[in-house]
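Undergrad: Got a structure for you, written out below as structure tokens; questions coming shortly.
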Amino acid sequence: MLLIRRFSVWLLSLFALLAVFSVPAQLDFSAELLAKIQSKYGQEAYSRVKQWQELMLTAKQLPEQEKLLKVNDFFNRHIEFADDIYIWDVNDYWATPLEMLIKGAGDCEDYSIAKYFTLKELGVSEGKMRITYVKALKLNQAHMVLTYFSTPRVVPVVLDNLIAEIKPATQRTDLLPVYSFNGSGLWLAKSRGSGKRVGESTRLNMWTELKERMLNNTI
């Protein structure tokens, strides 16, 4: 029952978050903001953000498969997994990529969102990406990953913080898909493929604070 309730809460949050994914990400940080990060949060936080900026500059012209590898590896190596209660002192918090990099820690939602926005900044179409809610069968808990479709009807690959390797969804038998979404729609994931589209992305006023943080680079 606990797992079902958590999925229900995530689904409500999902509809609200669709509005966020329609907002352009502000990922080009000024020297002034970087200096503020260094002063306020220290050298390690500054270095993580700086390396992220360098990744987005150097990976721009790479083939998409290499972009996936570099982005997945970057966040899996630089970010420590931790629950929101330990990072933010609340049960559920959706961090911006900048907030996660400053903290150096995040949960599965934060990894997936950061990878999504970074790849989008690198030119990967959001139509090829889905934020996907799954049940992690071995852990018996709700989980989130980023899935990537090279073409609309192909089996997607999974970018996950649980394992380093990017694998086709058909090889991730430890994950049971539930829902997936991006900036343009919501899908009921009845299989490890694209699933059944069940609605359009809808602009809602929930998560206004998160949208503002994304737009204003609030730290």
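Undergrad: For Arg172, Arg213, which order do you get if you count the other beta carbons within 10 Å of each Cβ and list the fewest first?
TA: Arg213, Arg172
Undergrad: Same structure again: Determine ³J(HN,Hα), in whole Hz, for all residues of the range 107-113 in sequence, where each value follows from phi through the Karplus function 6.51 cos²θ - 1.76 cosθ + 1.60 and θ = phi - 60°; x replaces Gly and Pro.
TA: Couplings: 9, 4, 4, 5, 4, 5, 5 Hz.
Undergrad: Also, quick follow-up: For Lys70, Lys60, what's the fewest-to-most ordering of other Cβ within 10 Å of each Cβ?
TA: Taking fewest neighbouring Cβ atoms as first place, the list is Lys60, Lys70.
Undergrad: Mind checking the full-extension length gain between Gln61 and Ser47? Use 0.36 nm per residue of separation minus the Cα-Cα distance, one decimal, nm.
TA: Length difference between fully extended and current span is 2.7 nm.
Undergrad: Using 1/(1 + (r/R0)^6) with R0 = 45 angstrom and r between the beta carbons of Glu212 and Thr173, what's the FRET efficiency to the nearest 0.05?
TA: For R0 = 45 Å, the calculated efficiency reads 0.65.
Undergrad: I would also like to ask the following. Explain nothing, just compute: Karplus ³J(HN,Hα) = 6.51 cos²θ - 1.76 cosθ + 1.60, θ = phi - 60°, for every residue of the range 167-178 in order, whole Hz, x for Gly and Pro.
TA: 10, x, 4, 5, 8, 9, 6, 7, 10, 10, x, 10
Undergrad: Right, something else. Could you give the C-alpha radius of gyration of the range 23-113 expressed as a fraction of 2.2 N^0.38 Å, taking N as the number of residues it contains?
TA: Here the answer is 1.10, to two decimals.
Undergrad: Taking the square root of 5 times each eigenvalue of the Cα gyration tensor, what semi-axes in Å does the equivalent ellipsoid of the range 84-166 have, largest first?
TA: Working through the eigenvalues yields semi-axes of 23, 17, 10 Å.
Undergrad: While we're on this one: Stretched out fully, how many nm does the piece from Ala31 to Tyr86 gain, at 0.36 nm a residue minus the Cα gap?
TA: Once the chain is fully extended between Ala31 and Tyr86, it gains 16.8 nm.
Undergrad: Can you sort Val90, Val158 by how many other beta carbons sit within 10 Å, fewest first?
TA: Val90, Val158
Every number in this text was worked out from the coordinates using simple rules, so none of it is lab data. Being a predicted model, the structure only gives us computed values, none of them experimental. We place every Cβ from the backbone using ideal geometry, glycine too, and count neighbours over all the protein chains shown.
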